[in-house]
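A short worksheet on the structure shown next.
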Amino acid sequence: MKWNPIYNAIGAAAYVWTVGIVMNYVGQTHSNVPDTFIDPIVVLSLLVFSAALMGFLFFYYPAILLIENKKKEAVDFFLKTLGVFGLLTLVAVLTVLYT
């Protein structure tokens, strides 16, 4: 499989945006529903899943490259992924500010 930092960053941004949209929808449709004991469990489970997914998307392939003693390629891949994700985040912030 050919790894691509742009695809990883787009995948991470798509996941974040999807979770945000779903949370917004749930908040609007369930605003009059009282909290239950399951709510913090769901939130913590989502946090753990999100951390694992972001860890995979940002660190898995650079870690493999480090194990293969390819330090420069590992750093380049990570920084490219982070840079593209940062640009996508900037686009989202600017969209919010100017709408």
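Can you list residue pairs whose Cβ atoms sit under 8 Å apart, with the first residue in region 19-30 being under 16 Å from residue 44 (Cβ atoms) and the second being modelled with pLDDT of 90 or more? Count only pairs 6 or more apart in sequence or on different chains.
19/46; 19/50
I'm trying to understand the selection: among the residues of region 43-81, which are of a type in the set (Val, Ile, Thr) and farther than 25 Å from residue 16 by Cα?
67 - this is the single residue of region 43-81 that is of a type in the set (Val, Ile, Thr) and farther than 25 Å from residue 16 by Cα.
Check residue 26 against each of (1) of a type in the set (A, V, I, L, M); (2) over 25 Å from residue 83 (Cβ atoms); (3) within 17 Å of the chain's Cα centre (by Cα) and name the one condition it does not meet.
So the condition that residue 26 fails would be (3).
Of everything in region 1-34 that's of a type in the set (Val, Ile, Thr) and surrounded by fewer than 12 Cβ atoms within 10 Å (Cβ to Cβ), which residue is modelled with the lowest pLDDT?
Out of the qualifying residues, it is 33.
Out of region 1-52, which residues are among the polar types (S, T, N, Q) and closer than 30 Å to residue 79 by Cβ?
Within region 1-52, 4, 8, 18, 50 meet the criteria.
The values are calculated or read from the model by the stated rules, or taken from the named source; none is laboratory data. The structure displayed is predicted, hence computed values, not measured ones. Cβ sites come from the backbone with ideal geometry, for glycine too, and all protein chains shown count toward neighbours.
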